[in-house]
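Inspection log for the structure reproduced underneath, given as structure tokens.
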Amino acid sequence: MRENKKTIIIVFVAPIVVLVLSTAIYMLFISDFRGYDSTSTRFIHSLDFYENSSPGSTFFIGDSQIREDINCNIIDSLHGVAANYSPCFNLGIEGMSSLQYALIQKKIIDAGPKHVIIGVSPLFFSEGINSNKNLFFFMGERRIMPDATLNSLLNSDEKKSLTMNSYLRALYKRRFILPFYESVIRSTLGKRSGQSLPDKNSADDAYFSSTSSGVYSEFKSSFLYTNAQTEEELQKKLDSPELLSPFNNSNNRERESFDYLISNLYNSSIILTVVSMPLNPLLVEILNEQSLSEYKSFLYHICTKNQIECIDLTSSFSQDQFIDLTHLNAEGRNSLSKYFFEKLITIEENFSALTSSPSTFPTLIPRFSESADNPVLNSTQDYILEIIETIK
Amino acid sequence: MIKIIFNSFPFFFFFVTVLIMLLIIRYRKYQHIFIVLMSCYFYWYSSGSMIVLLFYSLIMDFYLGKLIYDTKDSKKRKFYFIVSLIGNLGLLFIFKYTNFLTEVFNYFMSLFHGTFFLPNPHILLPIGISFYTFCSLSYTFDIYRKELKPIDSLVKYAFFITFFPHLVAGPILRASRFLPQLRKKIRIIPKNFRDGLTNTVWGLVKKVVFADNVAVFTNAYFSDPTVYSSSVPVFFGALAFGIQIYCDFSGYSQMAIGLAQMMGITLPINFNKPYAARNASEFWNRWHISLSSWLKDYLYIPLGGNRKGKIRTYVNVLLTMIIGGLWHGASWNFLFWGLYQGILLMVHKVSEALHITALFDHLRGFGVFLGWAITQFFVFLGWIIFRVYDINVLFFCMKKFIFWDFTGSWTEFLTLFDKYNVPLLFLFGFIVIHVFTFFKGASLEKALQKDMFYWVLYLFIACLALYFLAPAQTVRFIYFQF
């Protein structure tokens, strides 16, 4: 009889204990998700972390173009000698869209950056091309509560995702576990076979070792692309009809979200710069002219409306500085990073001069024009070419 | 869109509620009513108004069963039976094959430059219709053959048809084996609960961990198999799909069996290591057993079976398997798959008649291996027919599978492995487990019965596996589309 009781207890109670215990282990494991997946899942966590560290930095935000094309290590190390400098963080995320940034704009504002540089391209506004399906933005501890404007732009699936409870969000994160361990195994095997990331030079390593560990240093640079695209892959992309007129394929939702994001960041006294990121001349050549012109008009409209600086780097780099149609190689990245180093000093100086005057917030002159013969744009291209020559 | 499925959280809460209520409800009659209500809720939650069709089939067969039994006149008996047959098969035909037949009609119209085209009716397929109509049909069939007495209680009959573990994807039940179990009160006892939970959890692991992970590779590969030139990718594709469909469907069946077992009800097994089969007949005795035995008892044997000469036997086999293929779905590939399986069975029967199989037996171990290898080669070739819908792609895959081409195979293997290493590791992992358990010959329940500690450990490891090894996307159960 006693054994029967014991059996009954074990059979009926043990599954409950096992379920609770395994759930607890999983929840503990998944709560610190910095290690899982790429920058996308670490993003919110890092913003939370950054909120409590040192405000007044420069954030680069955008899609994989920002992630791959900007090396904050270079910018920071060059700035080592300059006064009034705010450290730089690369928060570019693969496949990121305007709407997704708009959803987390409050977290960006709360992190307190002094300067936000937003990298865009015609592809950035096309949902078919830029699509980060991981919905990482609700991976933080708190739910994202979109306001009425954003709520009207969301579809029912997205609304459902944003209202997931903590447990469902924890389950959602399961998708990052296997890819994470796969990447760990890959990198371990890669190291053993003597392969290394082509862009990580000794200066970068030295920088990493000198900075604090954890998420703070992770956002200095990512350089996830290790291989240049094959001819075949490149051709496949070039043949994609969607790629030919990306801005025409984009929808108003992305444009409205971008406008909303810019207005909100601007109203939060953040210095804003919108950069039309470099595109491979191969792509520029085949891009639908109307699409490109509409895209430039849109940016021009946004920049003039909000009185912010816009920089057009669309055609500033040569074909041999790209690893594919949109991402720069090491040489291109270094050139662009050095360009931004110079640019940031100018902006900082302008900012200091203007804040010492009675005006409370600097009003910068738009430097982006619908005209292809814009002298400012040409001078930017000359400047980039000058940097490239220096590096060579 | 299925909302309560075995691998979902709503179902977990649903089932826990059912178990608790069964412990609370003391009388058998009310337990049955409760199960029927919960099963109807389960189906309604998934299918909405389509539940009307379930009620139609259920009520029609319950009363026709009575009429068939009570009528002495053989013509009337036959008439009632035909009404049941038309009622069930007509339902299946309208909801499952109308879209397909319209497409076929329009295809032939366009082929012969006709001008009259039928509009596509876009009829939605009710979930589980193939399973519950077959289940219901077996009841009237058995009464007609005087092998079963009709049940007097509509509630009990509704319990048999709607019982939620088997309702949407089987196993296909037989009234003669199921209904006697309802004479006893439902009691949730430790032994049944433990064995049932063991089965349910293992079924869940098979589906969520193995089938869904392997599906990442199969979905990617079968989206365009023509990009690979050698035979190696098609071998992996067929192997992966074979493992995926097995883990998916046998996982579901095992969960159904386990859930019923926890409530003290025994459902028939549906799979018995089909990839260990050494000939086509043995494969069908191990794969989707409830369907193959249904087809045998209610189609092959009534057609004459093997009692009317060799030629007629082969025709019966072919007909049975074609209908079996079409049962899976209304499309050309299922028709071909059924025909292909019929040919395999026919070839096996011919080789038996010519004593070729006896030759294999003489070779002992090597003969067993050879028989197994040849059978499985054709089984996996069959999975390509089952999986590929485009006829050109199908011929491409079959050509690569039959006429081996190893040009550039190593490079393609490395490319595949580099790209899909996680799904392929799960594939190999399952093969190892499958082979190990086959040679050990021990069932999971028996292995875990010895020591309670191992059972708890098994549950713990399985729970962790479900949490940590689930893929990014949960794949819908393959057999829900049938």
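The values are calculated or read from the model by the stated rules, or taken from the named source; none is laboratory data. Nothing here was measured: the structure is a model prediction, and the numbers come from that model. All Cβ positions, even for glycine, are placed from backbone atoms using ideal geometry, and neighbour counts span all protein chains on display. Remember, those area values only see protein heavy atoms, side chains included, never the ligands or the DNA or RNA. Shrake-Rupley method; radii C 1.70, N 1.55, O 1.52, S 1.80 Å.
Summary of values
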| item | result |
| --- | --- |
| Residue-by-residue Karplus 3J(HN,Hα) for segment B:181-191, coefficients 6.51, -1.76, 1.60, Hz, glycine and proline x | 5, 7, 6, 9, 5, 6, 10, 9, 9, x, 5 |
| Solvent exposure ordering (accessible area, 1.4 Å, most first) of B:ILE82, B:ILE25 | B:ILE82, B:ILE25 |
| Förster radius 56 Å - calculated FRET efficiency between B:PHE395 and A:GLN307 (Cβ-Cβ, nearest 0.05) | 0.30 |
| Backbone HN-Hα couplings from phi across segment B:335-343 [Karplus 6.51/-1.76/1.60, Hz, Gly and Pro as x] | 5, 5, 5, x, 4, 4, 5, x, 5 |
| Label-point gap, in nm, between B:PHE108 and B:HIS122 - each point 7 angstrom along Cα→Cβ | 2.6 |
| Rounded to whole Hz, the Karplus (6.51, -1.76, 1.60) HN-Hα couplings of segment B:423-436, x for glycine and proline | x, 5, 5, 5, 4, 5, x, 5, 4, 4, 4, 4, 5, 4 |
| Helix-derived mean residue ellipticity, 222 nm - over chain B, DSSP H n ≥ 4, -39500 (n - 2.57), to 500 | -22500 deg cm²/dmol |
| Members of segment B:154-203 that become less accessible by 30 Å² or more once partner protein chains are added (1.4 angstrom probe, chain alone as reference) | B:PRO190, B:PHE193 |
| Segment B:ARG307-B:ASN219, extension gain: residue separation times 0.36 nm, minus the distance between their alpha carbons | 27.3 nm |
| Förster radius 25 Å - calculated FRET efficiency between B:TYR63 and B:ARG187, Cβ distance, rounded to 0.05 | 0.20 |
| Buried accessible area, chains A and B (both chains, 1.4 Å probe, Å² to nearest 100) | 2300 |
| B:LEU354-A:GLU289 FRET efficiency (beta carbon distance; Förster radius 51 Å; 0.05 resolution) | 0.10 |
| Overall dimensions of segment B:212-305 as given by Cα atoms, namely Rg and Dmax in Å | 17.0, 53 |
| Exercise: per-residue mean of other protein chain Cβ atoms within 10 Å, A:165-174 | 2 |
| Å³ per residue enclosed by the Cα convex hull of segment B:74-133 | 106 |
| Simple label model, 7 Å out from Cα along Cβ direction - A:LEU244 to B:LEU370, nm | 5.9 |
| Members of B:LYS146/B:LYS310; A:LYS236/B:LYS400; B:LYS78/B:LYS146; A:LYS114/A:LYS296 lying beyond 19 Å, as alpha-carbon distances in this model show | B:LYS146/B:LYS310; A:LYS236/B:LYS400; A:LYS114/A:LYS296 |
| Projected label distance in nm at B:VAL435 and B:ASP418, using a 7 Å step from Cα toward the beta-carbon | 2.7 |
| For A:ASN288, distant residues with modelled amide H under 5 Å away | A:SER245 |
| Accessible surface of chain B [probe 1.4 Å, protein heavy atoms]: carbon and sulfur percent | 69 |
| Amide H partners (placed H, <5 Å) of A:ASP312, local residues excluded | A:SER276 |
| Peptide ranges B:9-17, B:220-228 listed from the most packed, as the mean C-beta count within 10 angstrom indicates | B:220-228, B:9-17 |
| Residues in segment A:249-280 that a label on A:ALA148 would reach, taking backbone N under 17 Å of a point 7 Å out along Cα→Cβ | A:260 |
| Shielding score for A:11-23, defined as the mean number of other chain Cβ atoms within 10 Å | 5 |
| Stretchable slack from B:THR407 to B:PHE13, in nm (0.36 nm times residue separation minus alpha-carbon distance) | 136.5 nm |
| For A:PHE322, residues with placed amide H under 5 Å, excluding near neighbours | A:ASN329 |
| Average partner coverage of B:461-471, which counts Cβ from other chains inside 10 Å | 5 |
